[in-house]
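Report on the following structure.
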Amino acid sequence: MHGCRPNHVIAFIRPKPRQPPNLATFVVPLTFNKLDLRDYLYHVYNVEVTAVRSFINQPQPRQKDGQRGKWYRPRSQKMMIAELVKPFVWPDPPAEDAREAFDHAMFKRLQKERDDQISRSMNPSNIPLRTRGPETQERQTLREQAKEFLDRGEWTNGRTGDDTWTEVEKDIKV
């Protein structure tokens, strides 16, 4: 059994401000039970656990595609709080000048883009439309050509002669 790696993902969540250091919160798969978490922590990290509490966060129903799509309920999330024998204290985040090694500028840019995308999807009036932006040179040229075309008068396709409809199937003999 040695050498086997787990085939699931468990996320260790930063504690709430007043949470004691001997409680650790994890996001686990929905199929996980308390014994699985206790076994996982002991065999992978050599951390002993005295008790485990579990609960399922069920998100509110949402609509696909912002405000027009069908209603659906997003997948539930199972959380477990383990009471540790030895307390774990999260390290302080690195200072602002030390974050460059972690590509913090890229993280900030991506976070801003994500926030902008969420705010746009929540408010359809924020969607950038071509008609709201500056008019391009091609569109100005097209507008001028259309105005000249309309000023000339009636539109013709260059054909002369009889424009009456002829039924094709009547003239065919089989």
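If you average the sequence gap of Cα pairs under 8 Å that are 6 or more apart and divide by the length of the stretch 11-84, what percent do you get for the contact order?
38 percent
Would you mind giving the average projected area, over all directions, of the Cα convex hull of the stretch 11-84 in nm² with one decimal?
Computing the convex hull of the Cα atoms and averaging its projections yields 6.3 nm².
Quick one: dipole size for the stretch 42-98, taken about the Cα centre, charges +1 on Lys/Arg Cβ and -1 on Asp/Glu Cβ, in debye to the nearest 20.
Here the size comes out at about 800 debye.
Evaluate the relative contact order of the stretch 34-126 (contact order divided by residue number), counting alpha-carbon pairs under 8 angstrom at least 6 apart; express in whole percent.
Rounded, it is 24 percent for the stretch 34-126.
Could you sort the peptides 44-57, 21-34, 136-149 by per-residue average Cβ neighbour count (10 Å cutoff), highest mean leading?
Answer by packing, highest mean first, reads 21-34, 44-57, 136-149.
Read-outs throughout are calculated quantities, based only on the coordinates presented, and are distinct from any laboratory measurement. The structure displayed is predicted, hence computed values, not measured ones. Every residue, glycine as well, gets a Cβ built from its backbone with ideal geometry; the counts of neighbours run over all protein chains shown.
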